[in-house]
Amino acid sequence: MCGLFGFVYYGKKGLKGAEKLLEELAWEAAVRGMDATGYAFVHKGKVQIDKAPKSAHEMKYLLPKNVRTVMGHTRATTQGSADKNYNNHPFKGKTQKSEFAFAHNGVIDNEFEIREEYGIKPNHIQTDSYVVCQLIEKLGSLSLENLKTVGETVEGMFTFTYIDNRGNLYIIKNDSPLTILHFPALQLFVYASTDEIILNALIRFKKTKEALIDMVIHSKFTVENIPIKAGDILIIAPKGDIIRGEFKPRERIWND
């Protein structure tokens, strides 16, 4: 059990208080993992990652001005020591067209079968999730077709998130939970692993708190719940557009 969280801001000006929003999301997501914390963001066309074998409450959250896309992860270790920081999420990958960061909540059942099928060699990173980062590198791009291939190749519990150096957020959802909220007036999408995490974080961030209060007290539809279910692929572009796709999840095979 790990935590995913992050946001995409598509307004013309920078999001005031972005570091505070990131911190609140990370602190709440710590309930799903305290062995390590990391976040990735895009700045000047580069994907940058900050991660450490620390709980979210011990991290410092620093973002450059005008950052628009941020992806985070809190880790509960299942494979690969968190003390070796290269085992922690997010992971960095690269294709011919772009660089990207990748984070995963869940468990991969068929890591070695994927490696054999696609000729992906293991390296020093011991976390099972990393093979999915390598799989996109092997496929060559973060296209809808390749995201579908990823979803239909991996057996296990998962929600996968990627961001690329253009600020696109990519989500492949199977059975691991995820909630996405959209604040049109703020030009902001926010996501986290559970309803409880996202609401607890957003009620402590001034801009989103005001929008939530308007929705509850004044019946103003200032917040949209973006539907996402197992088998969905969702891309949120840096201008706020949403692109959707689908895949057929594999049935998990359990050995007695």
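Would you mind checking which residues have amide H under 5 Å from residue 43's amide H? H placed 1.01 Å from N; only 5 or more apart, or other chain.
48
Return the calculated 222 nm mean residue ellipticity for the chain, to the nearest 500 deg cm²/dmol, obtained by summing -39500 (n - 2.57) across DSSP H runs with n ≥ 4 and dividing by the residue count. Working shown, then result.
Values: 6 runs with 60 residues, N = 256.
Theoretical 222 nm ellipticity from helices: -7000 deg cm²/dmol.
With the Cα gyration tensor of the chain giving a ≥ b ≥ c as the square roots of its eigenvalues, does the rule (a/c under 1.5 for rounded; else a/b larger than b/c for prolate; else oblate) give rounded, prolate or oblate?
On the way: a/c = 1.58, a/b = 1.48, b/c = 1.06.
Prolate shape, in that a/c is at least 1.5 and a/b is the bigger ratio.
Once neighbouring chains are kept in place and the probe is 1.4 Å, which whole percent of the accessible area of the range 1-105 is contributed by carbon and sulfur? The partial results should precede the final answer.
Values: 2320 of 4630 Å².
Within the range 1-105, the accessible surface is 50 percent carbon and sulfur.
By its C-alpha gyration tensor, with a ≥ b ≥ c as the square roots of the eigenvalues, how is the range 108-190 shaped: rounded for a/c under 1.5, else prolate for a/b larger than b/c, else oblate? Write out the running numbers ahead of the final one.
Working: a/c = 2.34, a/b = 1.86, b/c = 1.25.
Cα axes put the range 108-190 in the prolate bin.
Grab the beta carbon distance between residue 199 and residue 229, set R0 = 22 Å, and tell me the FRET efficiency rounded to 0.05. Walk me through the numbers before you get to the answer.
Numbers: r = 20 Å, r/R0 = 0.89.
Rounded to the nearest 0.05, the efficiency is 0.65.
Below 20 Å, Cα to Cα, which aspartates and glutamates can residue 92 reach? Residues fewer than 8 away in the same chain don't count.
35, 50, 83, 111, 128, 137, 164
Quick one: accessible area per residue over the chain, 1.4 Å probe, rounded to a whole number of Å²? Mind showing how you got there, number by number?
Working: 12030 Å² over 256 residues.
The answer is 47 Å² per residue.
Let me check I've understood the local charge: for residue 236, count other residues with C-beta under 15 angstrom from its C-beta, Lys and Arg +1, Asp and Glu -1. What total comes out?
Net charge around residue 236: +1.
Could you check how much of the accessible area of the range 136-256 is carbon and sulfur, as a whole percent, using a 1.4 Å probe?
Numbers: 3120 of 5960 Å².
The computed percentage sits at 52.
Please list, in order along the range 90-103, the HN-Hα scalar couplings obtained from phi with the Karplus expression 6.51 cos²θ - 1.76 cosθ + 1.60 (θ = phi - 60°), rounded to whole Hz, x for Gly and Pro.
Along the range 90-103, the couplings run x, 9, 9, x, 8, 10, 5, 8, 6, 9, 8, 10, 9, 9 Hz.
The values are calculated or read from the model by the stated rules, or taken from the named source; none is laboratory data. What you see is a predicted model, and the numbers here were worked out from it, not measured in a lab. Please note: Cβ atoms are built from the backbone with ideal geometry, for glycine as well, and neighbour counts cover all protein chains shown. Heavy atoms of the whole protein, side chains included, go into the accessibility calculation; ligands, DNA and RNA do not. Shrake-Rupley method; radii C 1.70, N 1.55, O 1.52, S 1.80 Å.
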